[in-house]
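K.L.:
Please read through the structure below; I'll follow up with questions.
The values are calculated or read from the model by the stated rules, or taken from the named source; none is laboratory data. Worth saying up front: this structure is predicted, and the values here are computed from it rather than measured. Cβ placement follows ideal geometry from the backbone for every residue including glycine, while neighbour counts extend to all protein chains displayed.
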Amino acid sequence: MPALPTPRLWHHPDGITAVDTEYLHPGHAAAHLIEQDGRAAFVDVGTNDSVPYLLAALQRLALAPEDVEFVLLTHVHLDHAGGAGRLMRELPNALCVVHPRGAPHLIDPSRLSAGAEAVYGRERFARLYGRIEPIAAERIRRTQDGEQLSLAGRAFDILHTPGHALHHQVFVDRAHRCIFSGDTFGISYRELDSAAGAFITPTTTPTQFDPDQMCASIERLLACAPEAMYLMHYSRVTDVPRLGAALLSQVRELERIARRNAAAADRAGAIRAELWTLWRSLAERHGCTVSETRLAELLAGDLELNTQGLVHWLDTRAG
C-alpha cells in the first residue's frame, strides 16, 4: 500500500475526531470518526480523493480498518458520499448505513453520477469525483425513521430529515447531546467565526430543496436539545438555539428572494445577487473579520449551488 498522507485532525469530546476530507480546500468539508471501546464509525466520507486521509486518521488513532463497523451517510451527495464505495473496499467489516432513497444510488451509481455531472459539467465532475464505485447490496443497511443503531453499546437515533434532500438523515447521540447533521443544519465555516460565535447559512443545493421540509427538519433537530452539532461544512458548532433560529429565518428569506424574482428575465442572476447581498450583510453584522474578497471566495460555491437550488425549486415546487 502506498504511504498514507498526513491528515488534518480536530479532536472533539466523546471520542469524536473531525478529519478534513481535503475537498476543494482545507476547512471546507469534514468527515467525522467516532471511536467507542475500540470500535469505530465514519460519518460521511468525502470523495474518492478523501479515502487515503480517512485511512490515515484510523492509523493515527491506533485503529485498524477491521475496527470500523459502520459508514454512516447523512445523504448521497458526492461531497459526502462520493468516496463511500472506494472506502468500503478497505473496511472489511463495515456496513454502509443510508436512507432507503439513497441506497439504490450506492448500489448502482450511474444516475447519481449523471445528475452530478449535469450540475458540475463533465470535466469538473471528473476532476472532483472521478469514477464512483458501487457498494454491494449485502453491505448496505437501509434505515427507518426513528430507528436506533448501536456502536459498541453507544446508541444513535436515526432521524429522516428532508429539506436539503429527500434522502437526508441525521444521527443523534442523545447520551452525549450531539447530532451529526450532514447539511440539514446548514454550513458554518470556521474562518467566519467571530466574537459572537459561529456564522451559519442554510444550503439549498439542487435538486430537492424544499423550504417547508427544511424548516420542519431544523425544528426537529432543535427539539432534541443538543449541545453541539457536527456539520460536514465545517465540524463542531455549539450555541445551537441561536444558530437554529438564524437558519429558520434565512430559509424563509431565501424563499422570499426566490419568489420575488420568479418572473425576472434572468432569475438566476437576480437571485444570486440578492443572496450575496444578504450573506454579506449578515456576515458584517456578525462581526466576521475576513475581507469581502475572502468572504466571496469562501461562499462562491455555495452561492452558485444555492442559486441553482432556488431556481429548481421555483420550476418544480413553488406554489
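K.L.:
Can you list residue pairs whose Cβ atoms sit under 7 Å apart, with the first residue in the range 180-203 being touching a residue at least 12 places away in the same chain (Cβ under 8 Å) and farther than 22 Å from G15 by Cα and the second being among the small types (G, A, S) and not in a loop (DSSP other than H, G, I, E, B)? Count only pairs 6 or more apart in sequence or on different chains.
P.N.:
Correct list of pairs: T184/S217; L192/A283; F199/A283; I200/A246.
K.L.:
Does R236 qualify as being surrounded by fewer than 17 Cβ atoms within 10 Å (Cβ to Cβ), basic (K, R) and either over 19 Å from L159 (Cα atoms) or under 17 Å from the mean Cα position of the chain (by Cα) (or both)?
P.N.:
Details: surrounded by fewer than 17 Cβ atoms within 10 Å (Cβ to Cβ): no; basic (K, R): yes; either over 19 Å from L159 (Cα atoms) or under 17 Å from the mean Cα position of the chain (by Cα) (or both): yes.
Judged against the criteria, R236 is not a match.
K.L.:
Picking from A152, A165, which residue would you name as being in contact with an Asp or Glu (Cβ under 9 Å, 6 or more places away or on another chain), at pLDDT 95 or above and on the phi > 0 side of the Ramachandran plot?
P.N.:
Working: A165 fails: on the phi > 0 side of the Ramachandran plot.
Exactly one residue qualifies, and that residue is A152.
K.L.:
For the range 156-201, name all the residues that are within 19 Å of W276 (Cα to Cα), touching a Leu at 6+ places or on another chain (Cβ under 7 Å) and among the hydroxyl-bearing types (S, T, Y).
P.N.:
S188, Y189
K.L.:
Going through the range 56-75 one residue at a time, which ones are surrounded by fewer than 20 Cβ atoms within 10 Å (Cβ to Cβ), more than 20 Å from R141 (Cα to Cα) and not small (G, A, S)?
P.N.:
Once the filter is applied, which keeps residues that are surrounded by fewer than 20 Cβ atoms within 10 Å (Cβ to Cβ), more than 20 Å from R141 (Cα to Cα) and not small (G, A, S), the range 56-75 yields Q59, R60, L61, L63.
K.L.:
Right, something else. Given the options I140, I132, name the one that is in contact with a Gly (Cβ under 7 Å, 6 or more places away or on another chain) and either among the aliphatic types (A, V, I, L, M) or surrounded by 14 or more Cβ atoms within 10 Å (Cβ to Cβ) (or both).
P.N.:
On the way: I140 fails: in contact with a Gly (Cβ under 7 Å, 6 or more places away or on another chain).
The match here is I132.
K.L.:
In addition: Identify all residues within the range 290-299 that are closer than 19 Å to P26 by Cα and not small (G, A, S); write none if there are none. Explain how you work it out, then say what you get.
P.N.:
Quick first cut of the range 290-299, residues closer than 19 Å to P26 by Cα only: 290-291, 293-299.
Across the range 290-299, the qualifying residues are V290, T293, R294, L295, E297, L298, L299.
K.L.:
If I filter the range 220-235 for residues that are among the polar types (S, T, N, Q), in contact (Cβ under 8 Å) with a residue 24 or more places away in the chain, touching a strand residue (DSSP E or B) at 6+ places or on another chain (Cβ under 9 Å) and not in a strand (DSSP E or B), do I get at least one hit? Steps first, answer last, please.
P.N.:
Within the range 220-235, the first condition is being among the polar types (S, T, N, Q), and the residues that meet it are 235.
Narrowing further to those that are in contact (Cβ under 8 Å) with a residue 24 or more places away in the chain: 235.
Cutting the leftovers down to touching a strand residue (DSSP E or B) at 6+ places or on another chain (Cβ under 9 Å) gives us 235.
Now drop any that are not not in a strand (DSSP E or B), which leaves none.
Checked the range 220-235: no residue is among the polar types (S, T, N, Q), in contact (Cβ under 8 Å) with a residue 24 or more places away in the chain, touching a strand residue (DSSP E or B) at 6+ places or on another chain (Cβ under 9 Å) and not in a strand (DSSP E or B).
K.L.:
When you check A103 against the structure, is it in contact with a Cys (Cβ under 9 Å, 6 or more places away or on another chain), surrounded by 24 or more Cβ atoms within 10 Å (Cβ to Cβ) and modelled with pLDDT of 95 or more, yes or no?
P.N.:
Details: in contact with a Cys (Cβ under 9 Å, 6 or more places away or on another chain): yes; surrounded by 24 or more Cβ atoms within 10 Å (Cβ to Cβ): no; modelled with pLDDT of 95 or more: yes.
The answer is no for A103.
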